[in-house]
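What follows is a single structure, written as structure tokens, with notes after it.
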């Protein structure tokens with residue numbers, strides 16, 4: 001039986017329309033992810049600056065119990081989002097994300113007391129340019145980065161373990177190695193996470209689920225950017241006299 005040419009044309013047009021709708025939805029999804037990430041970074045930066053300028057951070061240092069509570073609270077919140085977000089409402093997940101970004105800003109405000117403002121601004125723009133390039137690569141490449149991602153995650157765990165060990169060793173050489181390897185790892189993770197976030201878009205079968213995936217995607221890229229920035233500060237930042 002000969003297939004009707006008109007039928008083939010209709011199917012082709014339907015497929016193209018469907019593909020266009022998917023592409024448009026994906027772009028909107030990724031824009032939402034980047035907006036959340038950028039807003040979280042902005043909140044972190046503002047709180048870090050204000051806490052340093054007002055003396056709040058120095059007051060925290062003088063109260064060890066409160067200081068360590070502030071230092072550890074972001075870890076508790078990121079674990080909460082990572083393991084409990086499916087059971088949280090969308091509103092609760094959003095509040096948790098903003099609370100996390102704010103507490104990270106408070107915990108990182110010491111950067112403004114240690115490094116010069118010029119070097120902080122310079123490192124931020126270097127980080128932003130690197131992040132943009134690698135995220136764009138992760139979004140556009142057709143190469144599957146899953147295998148590379150598994151090695152990068154192994155490297156990340158290695159960095160965490162080495163950092164914990166170096167808390168006792170206090171070796172500047174080890175810290176330098178951690179910073180250099182860490183930069184490489186988070187540069188790669190930026191591309192990997194971008195591709196991973198792009199790939200999970202099609203599984204977002206409801207508005208609530210899609211909203212939660214926006215938050216988790218933003219959190220992943222936020223962590224990539226922030227860790228890359230902190231590591232580059234350790235390598236290139238100019239300390240105050």
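The values are calculated or read from the model by the stated rules, or taken from the named source; none is laboratory data. Fair warning: this is a prediction, and the values are worked out from it, not measured in the lab. Backbone-built Cβ (ideal geometry, glycine too); neighbour counts: all protein chains shown.
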Residue by residue through the range 96-127, note down the ones that are without any contact (Cβ under 8 Å) to a residue 40 or more places away in the chain, more than 16 Å from residue 235 (Cβ to Cβ) and under 17 Å from the mean Cα position of the chain (by Cα).
-> 96, 99, 103, 107
Do any residues in the range 217-241 that are touching a residue at least 12 places away in the same chain (Cβ under 8 Å) have Cβ atoms under 7 Å from those of residues that are in a loop (DSSP other than H, G, I, E, B), where the two are at least six apart or on different chains, and which pairs are they?
-> 238/116; 240/116
What is the residue count in the range 171-204 for residues that are closer than 15 Å to residue 215 by Cα and in contact (Cβ under 8 Å) with a residue 40 or more places away in the chain?
-> 7
Out of curiosity, is residue 199 assigned to a helix (DSSP H, G or I), over 29 Å from residue 118 (Cβ atoms), out of contact with any strand residue (DSSP E or B) (no Cβ under 7 Å at 6 or more places or on another chain) and at pLDDT 90 or above?
-> no
Scan the range 47-75 residue by residue and report those that are surrounded by 13 or more Cβ atoms within 10 Å (Cβ to Cβ) and touching a helix residue (DSSP H, G or I) at 6+ places or on another chain (Cβ under 7 Å).
-> 47, 48, 49, 51, 52, 57, 60, 67, 70, 71, 73, 74
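Might you check whether a residue that is farther than 28 Å from residue 194 by Cβ and outside any helix (DSSP H, G or I) occurs anywhere in the range 54-61? Write out each step before concluding.
Initial filter on the range 54-61 (farther than 28 Å from residue 194 by Cβ): 54-61.
Applying the additional criterion that residues be outside any helix (DSSP H, G or I) yields 55.
Yes, the conditions are met somewhere in the range 54-61.
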